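Only the coordinates and a few stated rules stand behind these numbers; no lab work does. Given the structure is predicted, the values throughout are model-derived calculations rather than measurements. Using ideal geometry, Cβ is built from the backbone for each residue, glycine included, and neighbour counts are taken over all protein chains shown.
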Amino acid sequence: MIRSKRLIAAALTAATLATPMARAAEPHTIAVTGEGEARGVPDQARLSAGVTTVAPTAAEAVAENTRKMTAVFEALKGLGVPERAIQTSNFSIQPQYTPYNQNNSGLQKIVGYQVSNQVDVILDDTKKLGPALDALVAAGANQINSVSFSIRQADALEADARTAAVSDARRRAETYAKAAGVTLGPVVSIQEGTAETPRPMYRMAVAAQASPSTPTAAGEQSVTATVSVVFEIR
């Protein structure tokens, strides 16, 4: 019995001594978030344009629209835009009715048809945007729905943004470590947060004036990245 009590007491003493040692072996860490940004000049322009025609019959509206859209395609080809960079995005035929009048009974009368044909165009040179807009309008396009810019090789910008985010996380961790009176150790883990694709830093729209082509500005685009980094501290 005495020997059993001695063994139990020795085991408890060993467990008590082992617990602080086990806790001391666990590394102390600090977790921070870093943000990075990289900027680049767009080298590609995108636009959406088309032709809308109205005629008494659907056949007449389609025929008129076809004539004008053929001229639009020819204008784009004349600018050197390849067929692979031109894509039809919408085609619709809609009946046109007489104005609604609450005093009239019965169905509204169809007075004509509207045909709309829209195309998305990619220009590999942003300097071609102004001449392209002028050529499209001259060819018969009466709708310019949107204009945007992009960077073809955005992977390099994204890599720069991620590198900047990790560097920002290290700077923040070093600041906290110095303030806390500890030493920053190696990286324990890195987790990527959100990465935002290229977005315009600003947009400029200028009305056409007395100039060779419609003025346009590509501006600059930005890519951002966020990372969460855990560092060991000593």
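If you take all other residues with their beta carbon under 15 Å from the beta carbon of residue 56, and give Lys and Arg +1 and Asp and Glu -1, the sum is -1. In this label model, residue 77 and residue 89 are separated by 2.3 nm, measuring between points 7 Å along each Cα→Cβ vector.
So, counting K/R as plus one and D/E as minus one, what does the shell of residues with Cβ under 14 Å around residue 73 add up to? Here the charged neighbours net out to +1.
Taking 0.36 nm per residue of separation and subtracting the current Cα-Cα distance, fully stretching the chain between residue 176 and residue 58 would add 35.3 nm. Ranked for footprinting exposure by Cβ neighbours inside 10 Å, fewest first, 233, 93 give 93, 233.
Just add up the charged neighbours of residue 132: K/R +1, D/E -1, any other residue whose Cβ is under 14 Å from the Cβ of residue 132.
Values: positive: 46, 77, 127, 128; negative: 74, 120, 124, 125, 134.
Result for the local shell: -1.
Extents of region 44-150, largest first, come to 56, 25, 21 Å (Cα atoms, principal axes, whole angstrom).
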